[in-house]
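The values are calculated or read from the model by the stated rules, or taken from the named source; none is laboratory data. Please read all numbers here as calculations on a predicted model, not as lab measurements. Because the Cβ atoms are built from the backbone with ideal geometry, glycine has one as well, and the counts that use them run over all protein chains shown. We work out accessible area using only protein heavy atoms, side chains counted, and drop any ligands, DNA or RNA first. Shrake-Rupley method; radii C 1.70, N 1.55, O 1.52, S 1.80 Å.
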Amino acid sequence: MKRDYFLIGEISKIKGITIKALRFYDRIGLLKPSYIDQDSRYRYYHISQFVYLDIIKAARTMDISPNDLIPFFKNKDSEGLLIFLDMHKEMTRRKINDLEDIIKGIDEVKKSLHNAETAGKDDEVYFKHLPDRFAVAIPFNHRKSMDDYILYYSELYLTVSRSGFINTYEDGLIFSKNDRDEFSPRYLCNFVAGVKDDHDYRLIPGGDYVCVCYTEEKAEQQQNKLWDYMQKHELEPFDLIQVGLLTDLLAEETKLIELQARV
């Protein structure tokens with residue numbers, strides 16, 4: 001037998017396709033052996049069939065059923081096959097983008113958990129250098145009830161999903177100075193990654209932040225500690241952000257809050 005022909009076992013090793021799959025392709029009429037020895041009944045594939053096997057492998061990677069390829073192979077319809085594969089190529093590209101977003105989302109969750117782990121646990125004031133951050137935000141209304149804000153945060157999460165942003169699962173408040181030069185809540189926000197230029201978001205400037213961390217029970221005490229620290233060290237805050245940290249992925253624990261002042 002010339003070396004243009006290969007046994008089914010050899011094809012299996014060369015192309016990384018199981019013998020079971022090759023027998024299946026034979027049975028459904030997708031790709032039959034080029035030659036079967038009448039005495040030994042050994043199946044042989046010709047080297048010219050390698051391209052068919054490569055197409056089948058590529059198609060399986062794109063979740064294309066082998067049955068969908070049969071008409072193209074049977075009719076030697078190269079043009080139709082290329083159009084068909086092009087269509088699935090675009091679908092596969094979208095799937096790859098979706099998978100990349102999922103991976104980025106997992107990375108963002110890990111980052112958020114790490115932020116909670118590295119937040120001050122001893123009630124002391126500490127410094128952080130933070131990069132530029134992005135948030136989806138809606139105006140804060142002092143006259144609204146807590147139940148209203150729960151609904152607003154739910155709406156923020158939906159907005160994040162619809163916009164294609166990656167949710168970091170950190171939410172909070174963005175403060176701004178009022179007429180008396182005092183900070184007051186201005187926006188409810190949900191921090192995001194993977195921002196796109198064609199969607200609305202707020203940029204939280206990066207820089208050096210002086211922070212305190214607390215649970216709701218210690219909020220007033222810790223906030224006063226931060227103001228006293230900045231006054232004592234003559235630090236003027238440019239931005240003030242309150243962040244609800246992601247402390248655990250699954251367990252329902254007491255929420256940990258970090259107050260960050262950019263100085």
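When you scan segment 73-85, do you find a residue that is surrounded by 12 or more Cβ atoms within 10 Å (Cβ to Cβ) and within 24 Å of Phe6 (Cα to Cα), even just one?
Yes, segment 73-85 contains a residue that is surrounded by 12 or more Cβ atoms within 10 Å (Cβ to Cβ) and within 24 Å of Phe6 (Cα to Cα).
Take Val109 and tell me if it is under 22 Å from Ile257 (Cα atoms) and touching a helix residue (DSSP H, G or I) at 6+ places or on another chain (Cβ under 8 Å).
Taking the combined requirement at face value, the residue does not satisfy it.
Among Ile64, Ile17, which is the only one that is in a loop (DSSP other than H, G, I, E, B), under 30 Å from Gly164 (Cα atoms) and not acidic (Asp, Glu)?
That would be Ile64, the only listed residue that is in a loop (DSSP other than H, G, I, E, B), under 30 Å from Gly164 (Cα atoms) and not acidic (Asp, Glu).
Is it the case, given these coordinates, that Asp39 is over 27 Å from the mean Cα position of the chain (by Cα) and of a type in the set (Asp, Glu)?
For Asp39, the condition - over 27 Å from the mean Cα position of the chain (by Cα) and of a type in the set (Asp, Glu) - is met.
Taking into account only those residues within segment 29-44 that are among the hydroxyl-bearing types (Ser, Thr, Tyr) and surrounded by 12 or more Cβ atoms within 10 Å (Cβ to Cβ), which is modelled with the lowest pLDDT?
Tyr35
Pick from segment 49-72 the residues that are open to solvent by less than 70 Å² (accessible area, probe 1.4 Å) and touching a residue at least 40 places away in the same chain (Cβ under 8 Å): which of them is nearest to Met91 (Cα to Cα)?
Top of the filtered list is Pro66.
All but one of (1) closer than 21 Å to Ser12 by Cα; (2) touching a helix residue (DSSP H, G or I) at 6+ places or on another chain (Cβ under 6 Å); (3) assigned to a helix (DSSP H, G or I) hold for Leu31; state the number of the condition that does not hold.
(3)
Restricting to segment 198-222, and then to whatever is under 14 Å from Gly172 (Cβ atoms) and open to solvent by 50 Å² or more (accessible area, probe 1.4 Å), can you tell me which residue is modelled with the lowest pLDDT?
Glu216
Mind checking which residues of segment 34-61 are aromatic (Phe, Trp, Tyr) and assigned to a loop (DSSP other than H, G, I, E, B)?
Hit for segment 34-61 is Tyr42, nothing else.
Restricting attention to segment 1-49, which residues are basic (Lys, Arg) and closer than 17 Å to Ile70 by Cβ?
Once the filter is applied, which keeps residues that are basic (Lys, Arg) and closer than 17 Å to Ile70 by Cβ, segment 1-49 yields Arg23, Arg27, Lys32.
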